[in-house]
Amino acid sequence: MLSRKGLDNATLSSLKEAEMSAANVVEINNTANELRAALSRMQRAYSLTPAPTRQQRIDRLDRLHAAIIEYKDRLIDAVDQDFDGRAGAETLMIELLPVLEGIRYNKKNLAKWMRPSKRHTPLMLLGAKAKVHYQPLGVIGIVVPWNFPIFLGLSPLVGALAAGNRAMIKTSEFAPKTGELLAEMLSKHFSDDEVVVVNGGVEVATEFTKLPFDHLVFTGSTQVGRIVMHAAADNLTPVTLELGGKSPAIVHDSFPIDEAAKRIAFGKGLNAGQVCVSPDYIMVPRAKVDAFVAAFVKAFTRHYPSLQTNPDYTSIITERQRDRLLDTLRDAEQNGATVVTINPTKETFDGTRKLPMHVITNVSEDMRVMTEEIFGPLLPVVPYDTLDDAIAFVNDRDRPLALYYFDWDKGRAEKILQETHSGGVCINEVMTHTMVDDMPFGGVGPSGMGHYHGKEGFLNFSKAKAVVRKGWFDGNALIGAPWGNRAFNLFIKFQLRRFRKA
Ligand code: NAD
């Protein structure tokens, strides 16, 4: 240690800073070493049992099921604490039940998915058989955001385990109680070379995403997704990126506006709008904006007649997120938007993390509420004149994670499906496509890449290995070089005749 005698204040403080950052580097290095050691341990274990049987996979899924059942109440409580108010019913309905559903679905289909699939062989391979084998990749890294801190960790885990892998899960620093409990729960039901939970902040996440996983699933913002993909590229680790964006809902002129508002209010209220597939903005025919706002206020009030002490209405996860939402709202107001605050019992919200729903009209395209993902209880309503205008508006923006369309007419719905891009679509409904295990879930473009859930999850976490098996007959021996032999000439003549026409 250097002597500090005779040093001025500025030098002393820069010395202190240097010491602090040195301590930090040591800590980060320790974390990096620990993470690498954990991954090596898991990779060694994988290499000892590289092909878990269906029964072994089912045993892991059963253990996960048992863990959830055992910890159900404590998990609900931990999420409630992290949010400082989240309805147990929501945690049960949107986090725990879908994981249990996913486990059951994977178990039911595992035998079928694991079976090598027979493929067609070309004439050239006469007598040979071609099959695709689905092989576990090894160790999967899973990075989790705070908004569904259980589901978004355990749902990819279900797919990873079903496909015969091991997994390391990095939880969100903004849901620390849930992270700690998941660590306790999974270490009780899994060995430390099967499933590992890593808790910590951005520094830990940064080191985590630098690990040479066999596949990395990142769920979070588009901005961090870019950083994560860069880190994974250094190891050529394939990534599944489950990102965010602005998911629009379009209501057709012919669809009853009250019904649309009612269906949208149900979805937008969940987790106070802090959902990746929450409707971000609503497009309604110009003449129906006021009717939509009135119907939405009515429907929302029916779900949440009060807010501040209402345990059904979720708080904003952190003060920083609340302030971001309030800044976004202020920006809209200052630039001429009209705001309707849904606050039925006229409560005050100063300094709390509960934030009422705000419906915002007269928005312009450059307001933050229209340029940034909202991820909270703000709902801009955008008028449109023709359906083609609405489609063009959506297509002028980043491809969203979800798109919702309200119309009984199947032909027009088909037009929307064909002329817009999004990760998924609900027609006359919002958000529930994420709950169907028999469908892939994932974004497109800036809202993500790759899929999981159900069979697509199994495929995502498996290597589809092409295997050709040759029998006793070896056609190559007949037609091989020296080229121009009789068998070769006959073979080529026959082939060219087959392909005379397209
Ligand atoms: P975030 O991107 O800030 O953080 C997500 C995770 O990344 C956290 O675990 C965090 O520790 C880690 N992280 C942060 N900085 C990192 C870095 N530099 N390198 C590596 N890892 C880093 O996202 P968030 O605020 O937790 O979640 C909100 C976002 O997630 C929204 O954009 C939302 O749309 C999106 N989201 C998407 C889905 C989906 O399935 N597509 C689901 C939920 C949330």
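A short reminder: the numbers here are calculations on the coordinates, not readings from a lab. These numbers were taken from a predicted model, which means no experiment stands behind them. Every residue, glycine among them, receives a Cβ derived from its backbone with ideal geometry; neighbour counts consider all protein chains shown.
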Quiz item: For the pair Thr338 and Asp388, how long in nm is the line joining their label points, each one 7 Å along Cα→Cβ?
Solution: 2.9
Exercise. Quick one: compute the contact order of the chain, relative version, from alpha carbon pairs under 8 angstrom and 6+ residues apart, as a percent.
Key: 17
Self-check item: Positive-end extreme of charge dipole, the chain - chosen from Phe494, Leu181, Thr338 (charges on Cβ)
Solution: Phe494
Exercise. Per DSSP H run of n ≥ 4, the term is -39500 (n - 2.57); total these for the chain, divide by its residue number, and report the mean residue ellipticity at 222 nm rounded to 500 deg cm²/dmol.
Key: -14500 deg cm²/dmol
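Would you kindly state how much longer the chain becomes between Glu365 and Phe499 on full extension, computed as 0.36 nm times their sequence separation minus their alpha carbon distance, in nm to one decimal? Show your work: numbers first, answer last.
Working: separation 134, 0.36 × 134 = 48.24 nm, distance 5.47 nm.
Length difference between fully extended and current span is 42.8 nm.
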Quiz item: By count of other Cβ within 10 Å, fewest leading, how are Arg41, Arg115 ordered?
Solution: Arg115, Arg41
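Once the convex hull of the alpha carbons of the chain is built, what does its volume come to per residue, in cubic angstrom? Intermediate results must be reported in sequence, preceding the final value.
Working: hull volume 114.6 nm³, N = 502.
Roughly 228 Å³ of hull volume per residue.
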Exercise. Starting from the Cα of Thr301, move 7 Å in the Cα-to-Cβ direction to define the label point; list residues of region 342-363 whose amide nitrogen is under 12 Å from there.
Key: 342-346
Quiz prompt | √(5λ) per eigenvalue of the Cα gyration tensor, region 173-322, largest first, Å | solution = 39, 21, 13
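Sorted from fewest to most neighbouring beta carbons within 10 Å, what does the list Leu236, Leu211 look like?
Working: Leu236 7, Leu211 22.
Lowest count first: Leu236, Leu211.
On a 27 Å Cα-Cα criterion, which of the cross-link pairs Lys107/Lys465; Lys470/Lys493; Lys210/Lys268; Lys129/Lys455; Lys288/Lys410; Lys177/Lys210 come out too long? Before the final figure, lay out the partial values.
On the way: Lys107/Lys465 22 Å; Lys470/Lys493 24 Å; Lys210/Lys268 35 Å; Lys129/Lys455 24 Å; Lys288/Lys410 22 Å; Lys177/Lys210 25 Å.
From the list (Lys107/Lys465; Lys470/Lys493; Lys210/Lys268; Lys129/Lys455; Lys288/Lys410; Lys177/Lys210), the Cα-Cα distance tops 27 Å for Lys210/Lys268.
Treating the beta-carbon of each Lys and Arg as +1 and of each Asp and Glu as -1, no other charges, what is the dipole magnitude of region 248-439 about its Cα centre, to the nearest 20 debye? Mind dumping the intermediate values first?
Values: 20 positive and 29 negative charges, 127 e Å.
Taking the Cα centre of region 248-439 as origin, the dipole is about 600 debye.
Between beta-carbons, use under 10 Å as the cut-off and find the net charge around Pro136, counting Lys and Arg +1, Asp and Glu -1.
Numbers: positive: Arg57, Arg166, Lys463; negative: Asp214.
So the environment of Pro136 carries a net charge of +2.
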Quiz item: Can you give the angle from 0 to 90° between the axis of helix 289-303 and the longest principal axis of the chain, with both taken from C-alpha atoms, to the nearest 10?
Solution: 90
Quiz prompt | Residues with amide H under 5 Å from that of Phe190, placed H, sequence gap 5 or more | solution = none
Exercise. Set the Förster distance to 60 Å, then compute FRET efficiency between Leu92 and Met124 from the Cβ-Cβ distance, nearest 0.05.
Key: 0.60
Quiz prompt | Distribution of pairwise C-alpha distances over region 248-439, 5 Å bins, in % | solution = 1, 8, 17, 21, 21, 16, 9, 4, 1, 0
Practice problem: Among Ser47, Phe213, Ile257, pick out the residue whose Cα is farthest towards the positive end of the charge dipole of the chain, where Lys and Arg carry +1 and Asp and Glu carry -1 on C-beta, about the Cα centre. | Solution: Ser47
Quiz prompt | C-alpha long axis of helix 410-419 to longest principal axis of the chain, angle in ° | solution = 80
Practice problem: Along Cα→Cβ, 7 Å out, is where each label goes; now give me the distance between the ones at Arg115 and Arg226 in nm to one decimal. | Solution: 4.6
Self-check item: Dipole moment magnitude, nearest 20 debye, the chain about Cα centre, only Lys, Arg, Asp, Glu C-beta charged
Solution: 3440
Quiz item: Which shape class, rounded, prolate or oblate, goes with region 78-121 when its Cα gyration tensor gives a ≥ b ≥ c as root eigenvalues, a/c under 1.5 marks rounded, and past that a/b bigger than b/c marks prolate?
Solution: prolate
Practice problem: Kindly put Ser247, Ser315 in sequence by how many other C-beta atoms sit within 10 Å of each C-beta, fewest to most. | Solution: Ser315, Ser247
Practice problem: Please determine, in degrees from 0 to 90 and to the nearest 10, the orientation of helix 9-48 with respect to the longest principal axis defined by the Cα atoms of the chain, where the helix direction is its Cα long axis. | Solution: 40
Quiz item: Size of the dipole of region 130-206 about the Cα centre, Lys and Arg at +1 and Asp and Glu at -1 on the beta carbon, nothing else charged, in debye to 20?
Solution: 300
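Compute the FRET efficiency between Leu100 and Asp192 as 1/(1 + (r/R0)^6), taking r as their Cβ-Cβ distance and R0 = 22 Å, and round to the nearest 0.05. Could the numbers behind the result be given before it?
Values: r = 24 Å, r/R0 = 1.11.
Efficiency for this residue pair is about 0.35.
What full-extension length gain, to one decimal in nm, is calculated for Leu236 and Asp77 as 0.36 nm per residue of separation minus the Cα-Cα distance? Walk me through the numbers before you get to the answer.
Working: separation 159, 0.36 × 159 = 57.24 nm, distance 3.90 nm.
Separation in residues times 0.36 nm, less the Cα-Cα distance, equals 53.3 nm.
Can you give the FRET efficiency to the nearest 0.05 for Lys131 and Glu203, using r as the Cβ-Cβ distance and R₀ = 41 Å?
Details: r = 45 Å, r/R0 = 1.11.
For Lys131 and Glu203, the calculated efficiency is 0.35.
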Quiz item: Where the centre of each part is set by its Cα atoms, how far does region 416-482 sit from region 190-244, in angstrom?
Solution: 22
